[in-house]
Each structure stands twice: as structure tokens, then as C-alpha cells.
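Input: a single structure, listed below in C-alpha cells.
Throughout, read-outs are computed from the coordinates displayed, never taken from laboratory work. No experiment lies behind these values; they were computed from the predicted model shown. When we count neighbours, we look across all protein chains shown, and the Cβ atoms used for this are built from the backbone with ideal geometry, even at glycine.
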Amino acid sequence: MTGQEENGATRKGPTRALVLHPDLKSERRRRAPELALAEAVSLAAALADLAVTGAEVVRLARPQPGMLFGAGKIEELKARIEADEVELVLIDGPVTPVQQRNLEREWKVKLLDRTGLILEIFADRAHTREGVLQVELAALSYQRTRLVRAWTHLERQRGGLGFVGGPGETQIEADRRAIDEEVVKIRRQLAKVVRTRELHRAARRKVPFPIVALVGYTNAGKSTLFNRMTGAEVLAKDMLFATLDPTMRGVLLPSGKKVILSDTVGFISDLPTQLVAAFRATLEEVLEADLILHVRDIAHPETEEQAADVREILESLGVEEEVPVFEVWNKIDLLTLEQRAALLVQDARTPGIHTVSALSGEGLEALLDAISTALDDRRTIETLTLGFEEGRARAWLHEQGVVKAERDGDEGHEMTVALTERQRAQLERLRQG
């Protein structure tokens with residue numbers, strides 16, 4: 001994607017892209033088409049070596065099975081593609097393999113749907129071994145369904161997945177065999193990486209520091225808040241999916257309590273199903289968190305819709321109800337004085353809501369105090385008697401670092417422990433089964 005061969009010479013410069021958002025009347029969408037298009041343009045801007053030359057909402061009564069758009073619209077877009085020297089068309093929505101092949105032939109350009117684009121971005125952003133492997137596995141799953149065209153994954157010349165450039169169509173059966181062999185190989189490598197991560201997590205469980213996980217819609221300001229709270233220098237840009245690999249740092253709260261803060265990948269509406277499955281391991285820190293900070297871009301016109309998407313994904317990941325969640329309303333520095341005043345009133349009246357500006361640090365001290373209080377309030381000391389046969393539960397309590405005192409009694413191990421609600425629920429499940 002860094003250049004194309006034209007008349008034997010390499011034409012340098014970014015790939016020229018046209019972004020199209022199909023607005024289907026048959027779909028009841030929560031989001032305004034214009035805002036959905038703006039998000040798609042932001043997604044495109046997050047991909048290196050890409051220049052968006054134009055963007056358009058295409059209203060459709062119904063998608064055409066073979067070409068997605070009607071004949072007249074296809075001709076109109078073809079003229080625009082040729083006039084603007086577009087090399088890549090990004091369609092913000094699902095495109096079937098047949099539609100993709102036909103449109104590419106008609107327009108004589110490469111085409112990516114929303115899933116393909118997000119996979120390209122993830123490939124550019126993933127840096128850890130596990131992140132890279134998870135992206136490749138998701139890409140293979142996606143590409144296997146599109147074997148009416150080339151599988152160019154292994155022949156790429158750039159940092160992405162090769163969907164944008166590469167050779168033409170190859171034999172489908174050869175492609176399928178190559179993909180299946182690669183999937184087996186990647187799963188073996190991933191199993192080793194996951195085992196290593198589990199060892200690291202097991203070691204960390206022995207250190208009795210609560211985990212606080214940052215989650216939120218992509219570009220909500222999680223990484224900026226993470227940097228502000230930890231003094232770290234994680235990549236924080238006004239760009240979708242600026243953070244992909246989980247980052248963890250220790251934070252000393254004003255109360256003197258130490259916690260582990262975890263920054264995670266940003267969520268997004270219509271996240272490809274392959275990525276929800278592939279990145280479950282990346283989001284394991286959220287599943288183990290003692291407190292979740294749901295960071296929201298409160299200045300965004302669709303902040304409520306974005307928040308609903310985040311809650312839906314958290315639920316699909318299996319985050320337990322016992323885990324407390326704070327809503328951190330970020331970017332108040334972008335609001336008018338009247339808007340800020342109204343939010344501050346709501347903040348004062350509603351438990352679990354905290355207004356901040358990660359950029360300026362406003363509201364951060366109150367947030368840190370609230371985190372400390374929440375973690376203290378939710379940990380209670382109690383005495384348990386575990387039967388001598390309950391060695392697994394006893395070992396788990398020691399791993400969690402919650403045992404304050406222990407002695408052997410007539411009926412078993414008498415243990416004084418400091419448990420959160422979440423840990424108590426986990427212990428009950430462990431003892432029952």
C-alpha cells in the first residue's frame with residue numbers, strides 16, 4: 001500500500017480512498033447515517049498510508065444481491081472513482097464475497113468492507129506476540145469466507161494484512177488448504193503464549209493489589225486518562241484504536257493504596273464477530289477486574305449510543321454483575337460552560353458518575369478518591385472454616401493474597417480473610433464445585 005506499479009515505475013504517496021456508508025431503510029439503526037459515516041472516515045484515517053479523498057452516505061431501499069448498489073449508482077460512483085483517481089473503496093458495512101468481487105471488477109479498484117478495514121487497523125496496531133497472533137487468526141477466519149478472491153495474507157509487503165494490495169485471484173482450494181494449515185500453526189503458537197500469560201497472571205494474583213480496568217468506546221480518551229493517572233507514555237492520539245495491546249501499570253492512590261491500572265482496546269459498534277472472539281484473551285484483565293472505569297467521550301453527539309455498545313460488549317464478554325462500574329465522563333474541556341455546569345450537577349447527584357478532563361486533569365483527584373473508597377468499602381473481613389478436603393479453595397485464597405490469619409481447627413482450616421463481593425462469589429462457586 002505504500003505505492004503502486006504504474007508503467008514500470010512506483011507511484012509514491014498514500015493510497016487514495018473513497019468511504020461509502022450504505023444507509024439501508026430496511027435496518028432500524030440507532031445511529032444517524034452522517035455520524036456513522038464520520039466514524040468510518042475516522043477508521044480510515046487510523047490506517048497508515050491512506051488518504052480519504054471523499055465520503056458519501058448512499059441511501060438504499062434494499063441491497064442488491066450481486067452488486068449491493070443499483071446500476072445507476074454504480075455508474076455514478078465509477079465516474080467519481082475515475083475522476084478522483086481512487087485506488088481503494090471502503091464500504092462501512094458488510095459486503096458479501098460476490099458483491100466484493102463484482103464491484104472490484106466494475107470499478108477496477110480494491111474494496112474493503114467494515115470488517116476488513118478494522119482487521120487492517122488491528123494489524124497495524126498490534127505489537128505484543130499475542131496481539132499479533134490474535135489478529136492473524138481473526139483475519140484468517142474472515143478471509144476463508146471470501147475465497148472468491150485472492151488470499152494474499154502471506155504475500156503482503158506492508159504492516160497490514162494484505163487485503164489492500166497484492167496479486168490477483170489464486171486457486172480457491174489451494175487458498176483454503178494454506179489458510180487451514182496456517183490456522184493450525186497459529187493456534188499452536190497462541191496456546192503457548194496464553195500459557196505464558198496465565199503464569200504471569202498467576203504470579204500477579206499473589207500480590208494483593210486490586211485491578212482497575214479502563215474500558216470504553218474507541219477514542220473516548222482511555223489512554224490519555226491512563227497516562228494522566230500513571231505517568232506512563234502510552235500512545236494516546238485522537239485516532240480510533242490507538243491502543244490495541246493491554247497495558248498495565250501500578251498506581252498509588254492518595255490514600256496510600258496501590259492498585260494495578262489496565263488500559264484496554266477500544267470497543268466499537270458492529271465489532272466484527274471474529275474480533276470479539278479473538279480478543280477475548282486481550283480483555284481478560286477486564287474479566288478479573290475489581291473495579292471497571294467505563295470512560296465515555298461525553299462531548300460526542302452519540303455518547304449514549306456508544307455507551308450502550310460498550311455495555312452490550314461487556315455483557316457478551318461475561319463480566320459479572322458483582323464487579324462495580326464507574327462511568328467516567330471524559331472530555332468536559334470540550335463542553336460549553338452551561339453544558340459543564342449541568343453535568344457537574346448530575347455528577348453530584350448520581351453515585352458512580354465522575355466528570356473529568358483527562359487532558360487537563362480536572363476531576364481526577366475526586367475520581368482517585370472514589371476509586372480508593374470503593375475498593376475499601378467492598379472488602380470485608382470475615383472468618384471461614386474450610387474442610388481439610390477443600391485444598392483447592394484454600395490455595396485460591398492464598399493466591400488472591402486475602403488471608404490475614406489461619407490456624408488448623410478440629411473441623412478444618414479456620415481462616416480470617418478480607419474479601420471483595422466479587423471474590424466472595426468466586427469462592428462460593430469454587431467450593432460448590
Filtering GluC sites (Glu not before Pro) in the range 354-427 by DSSP loop and by at most 15 other Cβ atoms within 10 Å leaves GLU362, GLU389, GLU411
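With r as the distance between the Cβ atoms of GLU288 and THR373 and R0 = 25 Å, compute the FRET efficiency 1/(1 + (r/R0)^6) and round to 0.05.
Working: r = 21 Å, r/R0 = 0.84.
The pair THR373/GLU288 has a calculated efficiency of 0.75.
Rounded to the nearest 0.05, what FRET efficiency is calculated for LEU344 and VAL57 with R0 set to 30 Å and r the Cβ-Cβ distance?
The calculated FRET efficiency here is 0.25.
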Karplus couplings for the range 121-126 from phi (6.51 cos²θ - 1.76 cosθ + 1.60, θ = phi - 60°), rounded to Hz, Gly and Pro as x?
-> 5, 4, 5, 6, 8, 5
Which value, in debye to the nearest 20, gives the size of the charge dipole of the range 374-433 about its Cα centre, when Lys and Arg are +1 and Asp and Glu are -1 at the Cβ?
-> 300 debye
In terms of the charge dipole of the range 16-111, which places +1 on Lys and Arg and -1 on Asp and Glu at the beta carbon, the residue among PRO65, GLY54, ILE91 farthest towards the positive end is PRO65
What is the set of long-range amide H partners of VAL58 at a cut-off below 5 Å, with H atoms built 1.01 Å from backbone N?
-> HIS21, ASP23
GluC sites (Glu not before Pro) restricted to the range 291-328 and DSSP loop, no more than 16 other C-beta within 10 Å | GLU320, GLU321, GLU322
Work through the residues other than ARG114 whose Cβ is under 9 Å from its Cβ and net out their charges, Lys, Arg +1 and Asp, Glu -1.
-> -3
Spacing of the two label points (7 Å from each Cα toward its C-beta) at ARG105 and GLN64, in nm = 1.4 nm
In the range 47-148, what GluC sites (Glu not before Pro) fall in a loop by DSSP, with at most 10 other Cβ atoms inside 10 Å?
-> GLU85
Pairwise label distance in nanometres, ILE172 with ARG187, each label 7 Å out on the Cα-Cβ vector | 2.3 nm
Estimated vicinal HN-Hα couplings, Hz - the range 300-307 in sequence order (Karplus 6.51, -1.76, 1.60; Gly, Pro = x) | 6, x, 10, 4, 5, 5, 5, 4
Rank HIS413, HIS398, GLY387 by how far each Cα sits towards the positive end of the charge dipole of the range 379-432 (+1 on Lys, Arg Cβ; -1 on Asp, Glu Cβ) and give me just the farthest.
-> HIS398
Quote the FRET efficiency, to the nearest 0.05, computed for ASP408 versus GLU76 with a Förster distance R0 of 60 Å and r equal to the Cβ-Cβ distance.
-> 0.15
